[in-house]
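*Asks:* Sending over a structure as structure tokens; questions will come in a sec.
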Amino acid sequence: MKFKPQYLLIPLLMAAGWFLLKWTMPRYTGMYLAGLLLVLGDIYLWSAFRKRVFSYNLLLKVLLIFLFWLPLFAVAFIIVGAVVVPVVEWNDVFRNYLFGFVIVFYTAKLFPLLFLLLADTARLIDRGFHLSKKEKRKEINKEHEGITRSKFLQYIGFLSGGLVMGSMFVGMFKWVFEFKVHREKIPVPDLPESFKGLKIVQISDFHLGNWGLTKPMDDAIDTIMRLKPDMIVFTGDLVTFSTREAFRFEDQLKKLKAPMGVYATLGNHDYGLYVTWPDETARRKNMTDLYDFFDRIGWKLLNNEHVIFGEGEEQLALLGVENWGAGKRFPRYGDIDKAIKGAEKVPVKILLSHDPSHWDRIVVPGNYPVNLTLSGHTHGFQFGLESQKIKWSPAQYVYKHWAGLYKHPLTSHYLYVNRGIGSIGYPGRIGILPEITLLELV
């Protein structure tokens, strides 16, 4: 067979795409193979879809072709656009909904793609049997009697894809702002009398760059303040890419106040590790801007340090560590030994640590005298089922502790994992609603 130069076009484009992604968003190059599979899936799905599309009139045909390939064009726009203007400098609202659009459409496409694969596999299996001409004729006659199995599976695929798309758009524009208050009473041995009934509101994972609107923030703050907390704590990931995302919410976040103060710790996204900075000076400025922002809104940032409340034997210590994650791609700056130093004799200690794997890998095995650890990070995967009898999410296959209250079976150590109040990636929620937690010490 004669070699044609155009055969080189596809591998060249694939290689160019990888280098562009490596240059603009190096943290995401590990996802490139998944991206290629999506493109191949697009081509495969189009091979079944195109016959129907080209039977329509010209206007509808052009519209459907445009809509089918629009998500792929959006992905190309993100990669190429990041070369011209770094993602960190994009308008937050535009970036949020662009990324959300891509995730929604490709997730919805997976369902017809899977059913199409199933239909084609079934068809190949059928052809694999050596049927006689008479049997083949019977099969053809059966197909003409009604809808074929292959067509039925394809219709189911497109129907399920449409339902998924509709649900995800509802999750983006409605459920993502339906803040749910979770209430827990935490038994604390040797809790000083003056701290019994202490009300702590925990929030986590704002990811402010992923908020398309600012109005829902007022609703969240009103909900928090109506709980009349003695203390408010925030367990990391204020932003997604850079500190700049937080600036448009500054006046709103200043309204969060409590008699004992508002305290925070850092999450993996707060360090600006998910963008390519022009130089080290820019990265450091991003962190300086973050520290200044916390100062301006009146939140005390606990970076491997603590604060002590009360006097004498009537004391409680609040510890905060920087991010420590078991996953290799997450920073490990948390130092609990440094945070606890000077508070060893305080009878009750509460730890703020963004990633719950820190509790599992360091706090409990090290037998640190911490009564309660508060974490976030998992978002509950922003998808799942929760009721009085059911608690399920894909997050449970990644994290041992992913949402709610946990107690170590052999100690008095408690862990509470907040489901997050914001979102990341997919800017929505389905089943796992944004959380505000009210914890009462008893």
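*Asks:* Could you go through region 26-38 and let me know if any residue there is more than 29 Å from His207 (Cα to Cα), touching a helix residue (DSSP H, G or I) at 6+ places or on another chain (Cβ under 6 Å) and either not in a helix (DSSP H, G or I) or not aliphatic (A, V, I, L, M) (or both).
*Replies:* no
*Asks:* Follow-up question, since we're still on this one. State which residue pairs qualify: first residue free of Cβ contacts under 8 Å to residues at least 40 places away in the same chain and inside region 407-435, second residue aromatic (Phe, Trp, Tyr) in any location, beta carbons under 8 Å apart, and separation of 6 or more residues or different chains.
*Replies:* Correct list of pairs: Lys407/Tyr414.
*Asks:* A follow-up question, please. Residue by residue through region 213-247, note down the ones that are in a helix (DSSP H, G or I), out of contact with any strand residue (DSSP E or B) (no Cβ under 6 Å at 6 or more places or on another chain) and under 22 Å from Leu266 (Cα atoms).
*Replies:* Hits for region 213-247 are Met217, Ala220, Ile221, Thr243, Arg244, Glu245, Ala246, Phe247.
*Asks:* Would you confirm, using the coordinates I've provided, whether His379 is on the phi > 0 side of the Ramachandran plot, in contact with an Asp or Glu (Cβ under 8 Å, 6 or more places away or on another chain) and in contact (Cβ under 8 Å) with a residue 60 or more places away in the chain?
*Replies:* Yes: the conditions hold for His379.
*Asks:* Residues Glu440, Glu386, Glu435: which one is of a type in the set (D, E, K, R) and surrounded by 23 or more Cβ atoms within 10 Å (Cβ to Cβ)?
*Replies:* Answer to the check: Glu435.
*Asks:* Quick check on region 423-442. Is at least one of its residues under 24 Å from Asp337 (Cα atoms) and touching a Ser or Thr at 6+ places or on another chain (Cβ under 9 Å)?
*Replies:* no
*Asks:* Report the residue count in region 353-387 for those that are touching a strand residue (DSSP E or B) at 6+ places or on another chain (Cβ under 7 Å) and over 27 Å from Gly431 (Cβ atoms).
*Replies:* Here the count works out to 5.
*Asks:* For Ala317, which of the numbered conditions (1) crowded, with 18+ Cβ neighbours inside 10 Å; (2) assigned to a loop (DSSP other than H, G, I, E, B) fails to hold?
*Replies:* (2)
*Asks:* Additional query: So which of Leu37, Leu45 is modelled with pLDDT of 75 or more and under 19 Å from Gln154 (Cβ atoms)?
*Replies:* Criteria check complete, one pass: Leu45.
*Asks:* Ok, one more. If I ask for residues that are over 20 Å from the mean Cα position of the chain (by Cα) and assigned to a helix (DSSP H, G or I), which ones from region 75-107 would you list?
*Replies:* If the condition is that a residue be over 20 Å from the mean Cα position of the chain (by Cα) and assigned to a helix (DSSP H, G or I), then Ala76, Phe77, Ile79, Val80, Gly81, Ala82, Val83, Val84, Glu89 are the ones that fit.
*Asks:* Suppose we filter Glu344, Glu322 for residues that are free of Cβ contacts under 8 Å to residues at least 60 places away in the same chain, surrounded by 20 or more Cβ atoms within 10 Å (Cβ to Cβ) and assigned by TED's automatic domain parsing to the domain that holds Val262; which single one remains?
*Replies:* Only one candidate passes the filter, namely Glu322.
Conditions tested, residue by residue: (1) crowded, with 18+ Cβ neighbours inside 10 Å; (2) in contact (Cβ under 8 Å) with a residue 60 or more places away in the chain; (3) not aliphatic (A, V, I, L, M).
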{"residue": "Ile43", "(1), (2), (3)": "no, no, no"}
{"residue": "Ser47", "(1), (2), (3)": "no, no, yes"}
{"residue": "Lys51", "(1), (2), (3)": "no, no, yes"}
{"residue": "Tyr56", "(1), (2), (3)": "no, no, yes"}
{"residue": "Val62", "(1), (2), (3)": "no, no, no"}
{"residue": "Pro71", "(1), (2), (3)": "yes, no, yes"}
{"residue": "Val83", "(1), (2), (3)": "no, yes, no"}
{"residue": "Val88", "(1), (2), (3)": "yes, yes, no"}
{"residue": "Phe94", "(1), (2), (3)": "no, no, yes"}
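*Asks:* Now for a separate question. Working carefully through the options Arg284, Arg296, find the one that is farther than 29 Å from Val442 by Cβ, of a type outside the set (Ser, Thr, Tyr) and without any contact (Cβ under 8 Å) to a residue 24 or more places away in the chain.
*Replies:* Being farther than 29 Å from Val442 by Cβ, of a type outside the set (Ser, Thr, Tyr) and without any contact (Cβ under 8 Å) to a residue 24 or more places away in the chain holds for just one of Arg284, Arg296, which is Arg284.
*Asks:* Tally up the residues in region 84-137 that are at pLDDT below 90 and within 28 Å of Tyr274 (Cβ to Cβ), please.
*Replies:* Adding up the residues that qualify gives 6.
*Asks:* Related question: Might you let me know whether region 181-198 holds any residue that is assigned to a loop (DSSP other than H, G, I, E, B), β-branched (Val, Ile, Thr) and buried (at least 18 other Cβ atoms within 10 Å of the Cβ)?
*Replies:* Checked region 181-198: at least one residue is assigned to a loop (DSSP other than H, G, I, E, B), β-branched (Val, Ile, Thr) and buried (at least 18 other Cβ atoms within 10 Å of the Cβ).
The values are calculated or read from the model by the stated rules, or taken from the named source; none is laboratory data. No experiment lies behind these values; they were computed from the predicted model shown. Note that each Cβ is placed from the backbone with ideal geometry, even for glycine, and that neighbours are counted across all protein chains shown.
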